[in-house]
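S.K.: Sharing a structure below in structure tokens format, with a few things to ask.
The values are calculated or read from the model by the stated rules, or taken from the named source; none is laboratory data. Not measured: the values here are computed from a predicted model. Cβ placement follows ideal geometry from the backbone for every residue including glycine, while neighbour counts extend to all protein chains displayed. These accessible areas exclude ligands, DNA and RNA; they are computed on the full protein's heavy atoms, side chains included. Shrake-Rupley method; radii C 1.70, N 1.55, O 1.52, S 1.80 Å.
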Amino acid sequence: MCGIFAAMTSKGLAPGLCEAALKSLHHRGPDGANSWTSSNGKWVLGHTRLSIIGLNNGEQPMASPDGAIHSVVNGEFYGYRDIRDKLRNEGYRFATDSDSEIVLHLYHQQGMQAAAKLRGEFAVIIADEREQMMIAIRDRFGIKPLYYAAINGNVYFASEIKALLALGVPAKWDLEGATGGLGRSHESTEFAGVYAIPQGSYAVAKDGVVRIYTYWDWEIPTVAQMREDTRSEQEVVEEFRAALKDSVQQRLVADVEVASYLSGGIDSCAVLGLAQQCMDKPIRAFTLTFDNPLFDEAAIAEATAKHVGASYHPIAITGRDIADAYADAIWHSETQMFNGHGVAKFLLSQAVEKAGIKVVFTGEGADEMLGGYPFFRTDAVNNNPDLSDSEKAAFLDEMFGSNEATRSFVMPALAKGDEMQAIQRRLGWSPATLNVAMVMKNSASGFLTDEVYAQMQGRFSVATGLDRLPIAQRVTGRDHLNQSLYIYAKTVLPNFILNYLGDRMEMAHSIEGRVPFLDHKLAEVAARIPVNMKVKGIREKHVLREAAKDVLLPEVYNRQKHPFTTPPSRDKHDPMLAFYHDTFASQAAKDQPIYNMDKANQALANLFNCPDEKRIAVEAGLQRIASVIIMQDRFAMT
């Protein structure tokens with residue numbers, strides 16, 4: 001796990017910029033920092049290292065034997081030993097024990113077909129002086145971040161946007177990215193001229209131009225193809241379990257201790273249980289705890305750890321902790337947050353780093369593969385031909401009642417307006433998934449300045465995001481649940497879930513998160529699972545419950561999904577209220593061009609006039625505004 005960057009310039013970097021970029025990524029790689037500059041001084045690769053595999057060697061950038069190709073890698077390649085052995089048998093020599101070295105030789109042997117041979121969570125940059133081009137590869141689900149900017153004939157790549165800024169890319173607001181919210185395009189960011197390399201893609205930079213190519217996509221069978229599936233439920237479960245177990249086992253490979261994040265949910269409990277079966281000593285499991293019982297999962301997490309033979313380590317956080325760490329978490333995430341859950345993950349990673357851990361399992365991805373969130377289940381129920389209207393209504397009422405903590409923003413009322421109609425025209429229906437995105441976008445639009453609101457009229461960022469996806473090839477003809485899963489995996493998952501609930505909050509404290517559910521081999525198995533084994537009635541992730549039943553407590557096996565969130569402000573003495581007031585009164589609040597602070601302050605004054613159960617949704621808007629103010633300040637945005 002590391003931080004990486006590259007510059008492909010016409011005149012070379014100005015003095016000090018390479019060092020500034022290395023410094024900006026120090027948190028991603030505190031174990032070492034190195035760079036390579038081409039003989040003409042125009043190309044640069046940079047790398048900050050977190051040593052996980054090959055502790056005594058494996059420094060980067062790496063070079064081919066003839067010195068014509070250089071590479072930097074962030075992340076891990078699973079199954080690298082088999083690839084390395086095969087390459088050795090074909091005459092390639094390895095100078096290190098690092099998994100990262102396979103990229104150089106695979107690229108030399110197979111060119112860009114090498115991307116399809118890589119398995120894991122990774123971002124790669126290759127500088128090929130023979131072909132006078134740079135190539136940047138991102139893993140199949142965007143677990144590891146990778147951004148680029150092309151300015152005045154120069155091209156820059158980096159793990160984080162702050163490194164691009166350190167290399168000289170200007171920090172300017174992209175209004176569509178900043179106002180688009182959850183459903184924005186999978187390539188856009190909140191920084192003008194800065195783009196994310198899409199997941200499952202590689203970028204080729206040559207002569208100052210960047211072109212994007214796809215090497216993998218998540219292919220879900222059509223409804224007609226699904227009908228041809230003759231497997232029994234037991235066969236489906238056994239295949240899924242085998243793939244999940246293999247994914248977990250692959251991610252136990254490390255030269256350092258591998259720990260686990262643990263909540264009370266089925267995802268992390270299943271991963272911990274399966275991992276513990278492969279170990280002869282207890283895995284350290286770390287759990288966030290809250291003083292609000294509606295949000296606290298400590299008891300069930302502790303019981304799970306005991307059940308599977310792991311050791312339990314609670315990490316208590318308070319509203320004061322979240323308020324104090326909020327600005328730092330935003331700096332690391334480089335995007336807006338709508339709940340304190342990202343900050344909580346930031347604090348969890350901080351505590352885990354202090355415990356001497358470098359690598360953890362995480363449970364992200366199961367909800368996106370198997371329909372875990374309430375809005376996915378809403379789409380599944382509404383599209384289930386075996387249910388009557390009254391049965392559908394009863395299921396949805398039951399689901400609404402069981403999500404007291406978060407239903408105000410995961411099961412909101414239907415959004416209205418021209419953009420929702422535009423979405424329906426593109427898909428032929430209105431997914432509950434995108435309804436959540438639209439409700440959040442619409443609620444935030446009421447706080448926009450008049451100038452920004454006028455500019456955004458008629459610009460449908462969520463619908464435009466759909467236009468940048470291969471809807472006809474990958475969405476049309478699929479069951480509604482699978483359509484929602486694909487769209488979410490291409491937008492919200494890489495832009496937000498894997499950012500401020502994943503890599504950024506982990507790597508803020510030099511923690512590598514390993515994500516078994518987003519192994520592409522497991523995802524290909526999940527794509528073929530019948531819809532009624534993903535969501536059975538309103539019981540989400542049915543196949544996972546059955547596949548991991550032997551490691552799950554009965555109360556976990558039978559538990560409904562509860563999205564991970566932090567509690568809303570309790571009263572006017574809550575530390576988050578002081579955070580809002582201080583942030584909204586800052587100079588950066590006056591300088592930021594997006595939100596009308598008079599409206600924001602009025603909403604803050606009225607926060608406790610809304611019902612308790614809706615406060616978490618109201619605060620989502622306040623936290624987006626606070627995020628923009630912090631970004632304005634920390635990145636000196638213009």
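S.K.: With an 8 Å cut-off on Cα pairs and a minimum separation of 6 or more residues, tell me the relative contact order of the chain in percent. If you can, show how the numbers build up before the last one.
M.R.: On the way: 1189 pairs, mean separation 109.8, N = 638.
Contact order relative to length: 17 percent.
S.K.: Would you mind getting the accessible area per residue of region 481-638, heavy atoms of the protein chains only, 1.4 Å probe, in Å²? Write out the running numbers ahead of the final one.
M.R.: Numbers: 5190 Å² over 158 residues.
The answer is 33 Å² per residue.
S.K.: To continue, here is another question. Between region 570-623 and region 110-161, how far is it from one alpha carbon centroid to the other, in angstrom?
M.R.: Between the Cα centre of region 570-623 and that of region 110-161, the gap is 39 Å.
S.K.: Taking every DSSP beta bridge with both residues inside the chain, roughly what % is antiparallel (nearest 5)? Let's see the in-between values first.
M.R.: Values: 54 of 69 bridges.
Counting DSSP beta bridges with both partners in the chain, the antiparallel share is about 80 percent.
S.K.: Round to the nearest 0.05 the FRET efficiency obtained for residue 602 and residue 424 when R0 = 35 Å and r is the Cβ-Cβ distance. Working shown, then result.
M.R.: Values: r = 33 Å, r/R0 = 0.95.
Plugging the Cβ-Cβ distance into 1/(1 + (r/R0)^6) gives 0.60.
S.K.: A follow-up question, please. Sorted by accessible area (1.4 Å probe), largest first, how do 312, 195, 78 line up? Show your work: numbers first, answer last.
M.R.: Numbers: 312 50, 195 95, 78 15 Å².
Ranked list, largest accessible area first: 195, 312, 78.
S.K.: Where does each of 634, 138 land when they are ordered by accessible area, with a 1.4 Å probe and the largest first?
M.R.: Details: 634 95, 138 10 Å².
My answer, sorted largest first, is 634, 138.
S.K.: Among rounded, prolate and oblate, which fits region 276-389 when a ≥ b ≥ c are the square roots of the eigenvalues of its C-alpha gyration tensor, a/c under 1.5 means rounded, and a/b larger than b/c means prolate? Don't jump to the answer; show the numbers that get you there.
M.R.: Numbers: a/c = 2.01, a/b = 1.28, b/c = 1.57.
Oblate, since a/c reaches 1.5 and b/c is not below a/b.
S.K.: Moving to a separate point now. Which order do the peptides 28-36, 492-500 come out in when sorted by mean C-beta neighbours inside 10 angstrom, highest first?
M.R.: Working: 28-36: 18.9, 492-500: 23.8.
Output ranking for 28-36, 492-500: 492-500, 28-36.
S.K.: Let me ask another. What is the Cα centroid distance between region 59-108 and region 330-346, reported in whole angstrom?
M.R.: Taking the Cα centre of each part, region 59-108 and region 330-346 sit 35 Å apart.
S.K.: I need the trypsin sites (Lys or Arg not before Pro) found in region 408-507, filtered to DSSP loop residues with at most 13 other beta carbons within 10 Å of theirs.
M.R.: Values: sites: 416, 425, 426, 441, 459, 468, 474, 478, 490, 504; in loops: 416, 459, 468, 478.
Loop-located and lightly packed - 416, 459.
S.K.: From the Cα gyration tensor of region 403-515, with a ≥ b ≥ c the square roots of its eigenvalues, which class applies: rounded if a/c is under 1.5, or else prolate if a/b is larger than b/c, or else oblate? Can you show the working numbers first?
M.R.: On the way: a/c = 1.61, a/b = 1.19, b/c = 1.35.
Because a/c hits 1.5 or more and a/b fails to exceed b/c, region 403-515 counts as oblate.
S.K.: Pop out the carbon and sulfur fraction of the accessible area of the chain as a percent, whole number, probe 1.4 Å. Can you show the working numbers first?
M.R.: Details: 11420 of 23550 Å².
On the chain, the fraction of accessible area on carbon and sulfur atoms equals 48 percent.
S.K.: Let me ask something else. Per-residue counts of other Cβ atoms within 10 Å, averaged by peptide: what ranking do you get for 358-368, 608-618, highest first?
M.R.: Numbers: 358-368: 24.1, 608-618: 15.3.
With the highest mean Cβ count within 10 Å placed first, the list reads 358-368, 608-618.
S.K.: Could I ask something else about it? Mind jotting down the distance between the C-alpha centroids of region 478-551 and region 191-237, whole Å?
M.R.: The two parts, judged by their Cα centres, are 14 Å apart.
S.K.: Quick check: with the 1.4 Å probe, what order do 451, 555, 297, 512 take by accessible area, largest first? Provide the component values of the computation, followed by the final result.
M.R.: On the way: 451 120, 555 95, 297 40, 512 0 Å².
The residues order as 451, 555, 297, 512, largest area first.
S.K.: While we're on this one: Quick check on region 176-287: take the gyration tensor over C-alpha atoms, sort the square-rooted eigenvalues as a ≥ b ≥ c, and tell me if it's rounded (a/c under 1.5), prolate or oblate. Present the calculation step by step, with values, prior to reporting the outcome.
M.R.: Numbers: a/c = 2.09, a/b = 1.40, b/c = 1.49.
Oblate, because a/c is 1.5 or more while a/b does not exceed b/c.
S.K.: Work out the length of the dipole vector of the chain about its Cα centre, built from +1 on the beta-carbon of each Lys and Arg and -1 on the beta-carbon of each Asp and Glu, and round it to the nearest 20 debye. Write out the running numbers ahead of the final one.
M.R.: Numbers: 65 positive and 78 negative charges, 141 e Å.
That gives the chain a dipole magnitude of about 680 debye.
S.K.: So what is the calculated 222 nm ellipticity per residue for the chain, using -39500 (n - 2.57) for each DSSP H run with n of 4 or more, over all residues, to the nearest 500 deg cm²/dmol?
M.R.: Numbers: 30 runs with 268 residues, N = 638.
It comes out at -12000 deg cm²/dmol, rounded to the nearest 500.
S.K.: Given the whole protein assembly as supplied and a 1.4 Å probe, what does the accessible area of residue 448 come to in Å², nearest 10?
M.R.: Counting only protein heavy atoms, the figure is 10 Å².
S.K.: Could you do me a favour and compute the accessible area per residue for region 261-323, 1.4 Å probe, result in Å²?
M.R.: On the way: 2530 Å² over 63 residues.
Result: 40 Å² per residue.
S.K.: To continue, here is another question. Counting heavy atoms of the protein chains only and a 1.4 Å probe, report the per residue accessible area for region 324-435 as a whole number of Å².
M.R.: Heavy-atom accessible area per residue stands at 36 Å².
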